[in-house]
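K.L.:
Could you have a look at this structure, given as structure tokens, before my questions?
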Amino acid sequence: MAFPVVDGVEVMMAPPENYHVNFTNPFKDTATINASYWAFGIEFAVALLFLAQRVYTASFILRKWRSDDYMIVLAWVLTTTAQCLILHCLNQGVLGVHIWEMSVDDAIWETTLIHATTLTVIPGTVLAKLVLCIFYYRLSPITWYRYALLFTSFITVAAFTAVWFAVQFACTPIEAAWNLRLYTGTNCIDRPPVYMLQAIMGGVTDILLIVLPLPIILRLQMSWKQKAALVAWFCTGLITFGAAVARLVILIPSLKNADTTFILAQGTLWLIVEANLIIICGSLPTFRVFLNHVAPKILGEAAASRRGESGNKTGGASSGGMRYALRTFGSSQPKRRHFDTIDELELGDRPYGSEAKWKAEVNAESLTDGRDRRTSRSEASDEEAIFKTVRTSVIHEAR
């Protein structure tokens, strides 16, 4: 493929008429470049702090690492790698610069890094979304709810896997996807629509992950203020959805714009924003537990007082143990729905292994209500007998 030559330099595309090309000091989208640096500097620090609290909570409060803890750490590694590649492009002046003001070799370098960025950020995004799916799956044993989450997980994995393969195998030969000297104009699929599909599926899965937990939250046994706070907490995903929409709005004009190195800078800005937000959202499930531990005056004392009024505590709230009230044989408690406290909701403490088991326990509690009323007078003596300490003296008689 023959390339235009400007001032003795091969370029991918001839400049517009009367445009003065300056290879030494090319025109740059300075506003977008600076915004990218600021977005990374601020958001990356916040995302790192949220991730650190999740790691701390798993290691020192709960003292148990689950699969989603490993997944969010790996997602952070992948999304951070993708952001570093973007920043390297901006620093080297191959992104946010008109394509006719850089050599073909520089354009190839930019295309290679953007290609690697896409292949890296896709699995990171999938892992972060699956972390939320796993957390939501623990919230309730209801069949339709769990099937809906499994469907959301399947859509997430299938859609992003299809996008990943479409990006990797977009050209024949494969190397033509980043080596522009092998590009003929007909040996590659049109890739901007693939990037649009990535943004669309990201927005769709964000909406699903926001909507699905709402019916469960509305059925919780807590005040409306607490429910409103939880709804707001789950709706933080709307920020990620907004970033995906913004990136999509920017990508649509790029379908007819050949100056890809310039216009993609705005898209990568929102990619940085979205990449950090998904890490923040993926780290939120343990945030209240962490806050209860390090700043009990903010949340812990109120939660502890509520638990203290409802009954005895086992395991110790400060030690990260289970927070269900102590139950003795024959005692009765109000019917539980899915969770009675916010702590149980956030920790995913679910004593019910399945919907059938959950229903069976609820039915068993309702059947014993009448019997508990009849035997309420004898309960005190029964419980006293259970916890009574008996001292026995053994006397050995000398033979």
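The values are calculated or read from the model by the stated rules, or taken from the named source; none is laboratory data. What you are looking at is a predicted structure, and each value in this text was computed from that prediction instead of being measured. Don't worry about glycine lacking a Cβ; one is built from the backbone with ideal geometry, like all the others, and counts go over all protein chains shown.
K.L.:
Taking helices (runs of 4 or more DSSP H) that do not extend beyond segment 245-327, which have at least 3 residues that are in the same structural domain as residue 128 (by TED's automatic domain parsing), modelled with pLDDT of 50 or more and polar (S, T, N, Q)?
P.N.:
260-283
K.L.:
As an exercise: evaluate residue 203 against (1) farther than 19 Å from residue 124 by Cβ; (2) in contact (Cβ under 8 Å) with a residue 40 or more places away in the chain; (3) of a type outside the set (Lys, Arg) and give the number of the one condition it does not meet.
P.N.:
Of (1) farther than 19 Å from residue 124 by Cβ; (2) in contact (Cβ under 8 Å) with a residue 40 or more places away in the chain; (3) of a type outside the set (Lys, Arg), only one is false for residue 203: (1).
K.L.:
Where residues in segment 103-121 are among the hydrophobic types (A, V, I, L, M, F, W, C) and under 20 Å from residue 188 (Cβ atoms), which of them is nearest to the chain's Cα centre (by Cα)?
P.N.:
So the first thing to find is which residues in segment 103-121 are among the hydrophobic types (A, V, I, L, M, F, W, C), and the list is 104, 107-109, 113-114, 116, 119, 121.
Checking which are under 20 Å from residue 188 (Cβ atoms) leaves us with 104, 107-109, 113-114, 116, 119.
Working: 104: 38, 107: 33, 108: 33, 109: 31, 113: 25, 114: 23, 116: 22, 119: 18 Å.
Of everything passing the filter in segment 103-121, 119 is nearest to the chain's Cα centre (by Cα).
K.L.:
Here is a follow-up. Can you find, within segment 86-97, the residue that is nearest to the chain's Cα centre (by Cα) among those that are within 11 Å of residue 109 (Cα to Cα) and surrounded by 18 or more Cβ atoms within 10 Å (Cβ to Cβ)?
P.N.:
89
K.L.:
Could you count how many residues in segment 50-65 are in a helix (DSSP H, G or I) and surrounded by fewer than 12 Cβ atoms within 10 Å (Cβ to Cβ)?
P.N.:
1
K.L.:
Which number in (1) at pLDDT 85 or above; (2) touching a Leu at 6+ places or on another chain (Cβ under 9 Å) marks the one condition that residue 188 misses?
P.N.:
Here residue 188 meets the rest and fails (2).
K.L.:
Next up: Quick check, is residue 201 at pLDDT below 80 and aliphatic (A, V, I, L, M)?
P.N.:
It is false that residue 201 is at pLDDT below 80 and aliphatic (A, V, I, L, M).
K.L.:
Can you find, within segment 227-251, the residue that is farthest from residue 140 (Cα to Cα) among those that are surrounded by 15 or more Cβ atoms within 10 Å (Cβ to Cβ) and of a type outside the set (A, V, I, L, M, F, W, C)?
P.N.:
Here the answer is 247.
K.L.:
For segment 93-116, give me each residue that is closer than 15 Å to residue 4 by Cβ and not hydroxyl-bearing (Ser, Thr, Tyr).
P.N.:
98, 99, 100, 101, 102, 104, 105, 106, 107
K.L.:
Condition test on residue 109, is it in a helix (DSSP H, G or I), touching a strand residue (DSSP E or B) at 6+ places or on another chain (Cβ under 8 Å) and of a type outside the set (Val, Ile, Thr)? First the steps, then the outcome.
P.N.:
Values: in a helix (DSSP H, G or I): yes; touching a strand residue (DSSP E or B) at 6+ places or on another chain (Cβ under 8 Å): no; of a type outside the set (Val, Ile, Thr): yes.
Here the answer is no, as residue 109 does not meet what is asked.
K.L.:
Quick test of your reading of the structure: residue 96 fulfils all but one of (1) on the phi > 0 side of the Ramachandran plot; (2) out of contact with any helix residue (DSSP H, G or I) (no Cβ under 8 Å at 6 or more places or on another chain); (3) of a type outside the set (Asp, Glu). Name the failing condition by number.
P.N.:
(2)
K.L.:
Could you tell me how many of the residues in segment 4-20 are within 44 Å of the chain's Cα centre (by Cα) and surrounded by 15 or more Cβ atoms within 10 Å (Cβ to Cβ)?
P.N.:
Result for segment 4-20: 4.
K.L.:
Would you check which residues across segment 11-29 are under 11 Å from residue 100 (Cβ atoms) and not in a loop (DSSP other than H, G, I, E, B) and list them?
P.N.:
Correct list: 11 only.
K.L.:
Can you name the condition, by its number, that residue 127 falls short on among (1) at pLDDT 95 or above; (2) hydrophobic (A, V, I, L, M, F, W, C); (3) closer than 17 Å to residue 234 by Cβ?
P.N.:
The single condition residue 127 does not satisfy is (3).
K.L.:
Does any residue in segment 208-223 that is under 16 Å from residue 133 (Cβ atoms) come within less than 7 Å, Cβ to Cβ, of a residue that is part of a loop (DSSP other than H, G, I, E, B) six or more places away or on a different chain, and which pairs are these?
P.N.:
What qualifies is 210/235; 213/139; 216/139; 216/140; 216/338.
K.L.:
Now for a separate question. For segment 255-264, indicate whether the set of residues that are more than 17 Å from residue 29 (Cα to Cα), buried (at least 20 other Cβ atoms within 10 Å of the Cβ) and out of contact with any Phe, Trp or Tyr (no Cβ under 9 Å at 6 or more places or on another chain) is non-empty.
P.N.:
no
K.L.:
While we're on this one: Name the residues in segment 162-195 that are crowded, with 17+ Cβ neighbours inside 10 Å and within 21 Å of the chain's Cα centre (by Cα), would you?
P.N.:
163, 164, 195
K.L.:
Among the candidates 27, 40, single out the residue that is among the aromatic types (Phe, Trp, Tyr) and surrounded by fewer than 19 Cβ atoms within 10 Å (Cβ to Cβ).
P.N.:
Result: 27 is the single residue among 27, 40 that is among the aromatic types (Phe, Trp, Tyr) and surrounded by fewer than 19 Cβ atoms within 10 Å (Cβ to Cβ).
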